[in-house]
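Every number here is computed from the coordinates shown, using simple stated rules; none is lab data. If you're wondering where the values come from, they're calculated on a predicted model, not measured in any experiment. Reconstructed Cβ throughout: ideal geometry from the backbone, glycine too, with neighbour counts over all protein chains shown.
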Amino acid sequence: MEPSGSTISSSSNHTLHSTGGVCQWKVSDKAKLCRFLCYGSEGDVYTAREEGRVSMEHAGALLSMLQEGRGAEVVEEIKRLSQEGRAVTLDPSLFALALCSQQSELKTRQAAFKALKEVCRDPAHLLSFIQQKKELREGMKTEADTHVLAYSEGVLVPCSISADMTLAQATFELVKIPGGSTDCTLPISWATESGKAVDVFIILTNNPQSGANSKLVMCGLTSIGHAIADTEDRGLVSICGFDHGAFSVIRNLAQELI
């Protein structure tokens with residue numbers, strides 16, 4: 001006789017648990033990924049004839065698997081659902097493939113590009129993949145290896161804000177962190193000590209005080225002048241204040257267009 005709370009049976013994507021006589025399926029990240037690839041959402045609701053835009057906010061399991069180094073596994077699922085004709089629309093698969101093709105892990109990138117000939121069965125699919133890749137790059141969303149840290153009393157501390165938060169939610173998280181002076185060398189020291197290969201450091205501050213092969217963007221939220229960025233160094237740029245145009249400046253610097 002099975003005790004309450006025991007596992008009764010399992011499959012590759014689900015685990016069946018029995019609690020007080022009620023059986024519940026625990027949905028794994030892989031199962032959520034399959035939902036996303038099938039109909040564009042990892043939730044348990046599919047709305048017929050609804051053609052919503054594929055976005056990062058619906059791809060939490062996809063991002064989790066990429067963060068865990070399971071990119072090759074993701075690509076295999078993309079190929080499987082595409083080849084078996086299980087997807088309602090191919091857009092989520094093309095989105096996921098574009099995201100995989102931009103990961104820092106070489107194995108994942110190579111797997112994504114090799115899968116193109118199996119997933120993109122006509123020119124329209126390939127064009128869609130290119131457009132998804134372009135939008136991901138221009139939006140600077142996500143990358144799975146982005147780190148957000150905050151200055152607090154002379155040191156760097158983890159900051160839990162994310163791209164899917166509202167301004168009010170992000171502000172609430174930020175005000176919980178004690179303030180302090182800004183030492184612009186701390187992010188570089190943190191990356192060096194942590195063994196992180198960083199493309200761009202972006203520092204937002206209203207208190208610039210002090211200043212690799214990485215680029216540095218110094219955003220002074222109050223325009224009081226800067227003494228950090230060397231105008232002769234192409235990898236450094238200062239931004240005074242902040243508006244929508246600042247995103248274009250940061251993106252262009254990261255892509256070495258300016």
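A few points about this structure:
- Efficiency of FRET between Ser181 and Ala254 - r from beta-carbon atoms, R0 30 angstrom, step 0.05: 0.65
- Projecting the alpha carbon convex hull of the range 60-209 along each direction and taking the average yields 10.4 nm².
- Peptide packing for 74-86, 177-189 was compared via the average number of neighbouring C-beta atoms within 10 Å per residue; ordered from the highest value, the list is 74-86, 177-189.
- The mean of 1/r over all pairs of different alpha-carbon atoms in the range 63-133, once inverted, gives a Kirkwood hydrodynamic radius of 11.8 Å.
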